[in-house]
Amino acid sequence: MVDVILGLQWGDEGKGKIVDYFARDYDLVARFQGGPNAGHTLYVNDKKVVLHQIPSGVFHGGISNLIGNGVVLDPVTLKKECDTVASFGIDLRKNLFIAERTHLILPTHRALDKAAELSKGNQKIGSTLKGISPAYMDKTGRNGLRVGDLLDKNFTTSYIKLRLKHQHLLDNYNFQEDISAWEEEFFEAAEFLKQLNIVNGEYFINSQIKSGKRILAEGAQGSMLDIDFGTFPYVTSSSTISAGVCSGLGIAPHYIKEVIGVTKAYCTRVGSGPFPTELDDETGEELRKVGNEFGATTGRPRRCGWIDLVALNFACMINGVTKIVMTKADVLDAFKELKICTAYRAGKKAIREIPFQMDRIKPEPVYETLPGWNINTGTIKNYSDMPETARTYVGFINNYLGVKVHYISNGPGREQIVQVK
Ligand code: GDP
Ligand code: IMO
Ligand code: MG
């Protein structure tokens, strides 16, 4: 049995905290896509930790964690993360497993990411510059190197061959930076990676399923950043939706049970691209300040706006969401009035569907306004103690989406979560 937790917006919905919270009910937590572009924040013993590639179940003793074949893995970031995790007394040789089919992010992928973004000028995607797109391009272009290849005695030869191809591309971009220090780090980290548990991911996970183990698949990024269904080209390069779980781990669709979608009580986006409910005003500024909306991976300020039910409805549809978790409800404590986007106006028409190429259509949001609650909700433990206005807000979302909010997160802390009853 496999449950999935994934983001329904443009990433940073609070997936890390939610996975960490629910991990106690599972035997294995697995990442199925993305790479070090992800930044998943958790609090362990009140200490903040940001995970990029290691699954967010890692701080629970007795739970295994798998980096699946659908991930693109940077050994350098992994080594740093492993050091952080090990400082909490976690033995990664026991509870971290890496699929041998996982593609590697090479130093030249990072250089290519940077060169490609620079060449796009003001049309840049706003990539995290972690080498994600070039690494996935080498995967689908059938050039990439995989974790299992590190164990091959000819790895360095294959690496040099691929680097030469990349060098031609970098020359075309007129990219001049010296990356020899990155290469040194890479080979050092690759040696470290070879000491970890490299497994055949698909047999590993299927044997766990067969023996009745409970598995949680942890999404990175968000549905609106999906390579197929996101706001293309302003997306990431992987399948961030529930369909990506099967190809990203090597499991059959019928094993998937719950698809738990995480949304903020409002909405944010980091990087370029359309964002219909974005608030370029004091309210947006207030959301950023109260919500501390700065990227966990790059530190960039996140763009902020009201919750968008047109986009959420779309995300529920393409993922088959069965339960919703609404995070950062406490951030709305400070607001007198709350707006909920229920449709887009495109020209004279009001639409409730995500249009092809939102960036050209530039839809205007149509809002319903609901009263805020203006009390501190951060210490509430029971749904019945939530203010009536907060329950009305949740009820409105439930009715629109036809999928229910089952949990409300009301603070960054591990136990700040309220079950909706
Ligand atoms: P992820 O990428 O989806 O895991 O989310 P990030 O970690 O990038 O960003 C979410 C941010 O919100 C982090 O700083 C979390 O500590 C914080 N956070 C998560 N849930 C809540 C919540 O319910 N309330 C508040 N105030 N902060 C939260
Ligand atoms: P988590 O897992 C928010 C965004 C980037 C950029 C676009 C492409 O923490 O939610 P990429 O580096 O993938 O080539 O960037 O996607 N992006 C994210 N935004 N959260 C993330 O991950 C993101 N990962 C990538 O800002 O707009
Ligand atoms: Mg994040």
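Would you mind finding the one in 273, 291 that is within 15 Å of ligand 2 (Cβ to nearest atom), among the small types (Gly, Ala, Ser), surrounded by fewer than 24 Cβ atoms within 10 Å (Cβ to Cβ) and under 24 Å from residue 377 (Cβ atoms)?
291
Could you tell me which residue of the range 333-349 is farthest from the chain's Cα centre (by Cα), considering only residues that are more than 19 Å from residue 392 (Cα to Cα) and at pLDDT below 95?
Per the criteria, the residue is 348.
Look at residue 344 and say whether it is within 16 Å of ligand 1 (Cβ to nearest atom) and in contact with a strand residue (DSSP E or B) (Cβ under 6 Å, 6 or more places away or on another chain).
Here the answer is no, as residue 344 does not meet what is asked.
Show the residue pairs that are 6+ apart or on different chains and have beta-carbon atoms under 6 Å apart, the first residue being within the range 186-203 and without any contact (Cβ under 8 Å) to a residue 60 or more places away in the chain, the second being open to solvent by less than 30 Å² (accessible area, probe 1.4 Å).
So the pair list comes out as 194/150.
Which of the residues spanning the range 78-89 are free of Cβ contacts under 8 Å to residues at least 60 places away in the same chain and of a type outside the set (Phe, Trp, Tyr)? It would help to see each step written out before you state the result.
Step one: list which residues in the range 78-89 are free of Cβ contacts under 8 Å to residues at least 60 places away in the same chain, which gives 80-81, 83-89.
Within the range 78-89, 80, 81, 83, 84, 85, 86, 87, 89 meet the criteria.
I'm trying to understand the selection: among the residues of the range 45-65, which are aliphatic (A, V, I, L, M), under 16 Å from the mean Cα position of the chain (by Cα) and open to solvent by less than 10 Å² (accessible area, probe 1.4 Å)? Can you show your working first?
Our first condition is that a residue be aliphatic (A, V, I, L, M); within the range 45-65, this holds for 49-51, 54, 58, 63.
Narrowing the set further to residues that are under 16 Å from the mean Cα position of the chain (by Cα) leaves 49-51, 54.
Across the range 45-65, the qualifying residues are 49, 51, 54.
For the range 160-210, what are the residues that are of a type in the set (A, V, I, L, M, F, W, C) and loosely packed, with under 11 Cβ neighbours inside 10 Å? Talk me through it step by step, then tell me what you get.
The first filter runs over the range 160-210 and keeps only residues of a type in the set (A, V, I, L, M, F, W, C), leaving 160, 162, 164, 169-170, 175, 179, 181-182, 186-187, 189-190, 192-193, 196, 198-199, 204-205, 209.
If the condition is that a residue be of a type in the set (A, V, I, L, M, F, W, C) and loosely packed, with under 11 Cβ neighbours inside 10 Å, then 160, 164, 181 are the ones that fit.
In the range 33-44, which residues are over 13 Å from residue 7 (Cα atoms), surrounded by 24 or more Cβ atoms within 10 Å (Cβ to Cβ) and away from ligand 3 (no atom under 12 Å from the Cβ)?
Across the range 33-44, the qualifying residue is only 35.
Quickly run through the range 146-157 and pick out the residues that are open to solvent by 80 Å² or more (accessible area, probe 1.4 Å) and in contact (Cβ under 8 Å) with a residue 12 or more places away in the chain.
146, 151
Just for helices (runs of 4 or more DSSP H) wholly inside the range 1-110: which have at least 2 residues that are within 15 Å of ligand 2 (Cβ to nearest atom)?
Output list reads 15-22, 75-86.
Condition first: more than 30 Å from residue 63 (Cα to Cα), open to solvent by less than 20 Å² (accessible area, probe 1.4 Å) and within 16 Å of ligand 3 (Cβ to nearest atom). Now tell me which residues in the range 86-145 satisfy that.
126 - this is the single residue of the range 86-145 that is more than 30 Å from residue 63 (Cα to Cα), open to solvent by less than 20 Å² (accessible area, probe 1.4 Å) and within 16 Å of ligand 3 (Cβ to nearest atom).
Please state which one of 263, 298, 283 is within 30 Å of residue 69 (Cα to Cα) and surrounded by fewer than 21 Cβ atoms within 10 Å (Cβ to Cβ).
Going through 263, 298, 283 in turn, just one is within 30 Å of residue 69 (Cα to Cα) and surrounded by fewer than 21 Cβ atoms within 10 Å (Cβ to Cβ): 298.
Pairs only if they're at least six apart or on different chains, beta carbon under 7 angstrom, first in the range 10-25 and under 25 Å from residue 231 (Cα atoms) and open to solvent by 10 Å² or more (accessible area, probe 1.4 Å), second within 6 Å of ligand 1 (Cβ to nearest atom) and of a type in the set (D, E, K, R); list them, first residue then second.
That search, which allows pairs on different chains as well, returns 14/328.
The values are calculated or read from the model by the stated rules, or taken from the named source; none is laboratory data. Keep in mind it's a predicted model, so treat the numbers as computed, not measured. We place every Cβ from the backbone using ideal geometry, glycine too, and count neighbours over all the protein chains shown. Side chains included, ligands, DNA and RNA excluded: accessible areas come from the protein's heavy atoms. Shrake-Rupley method; radii C 1.70, N 1.55, O 1.52, S 1.80 Å.
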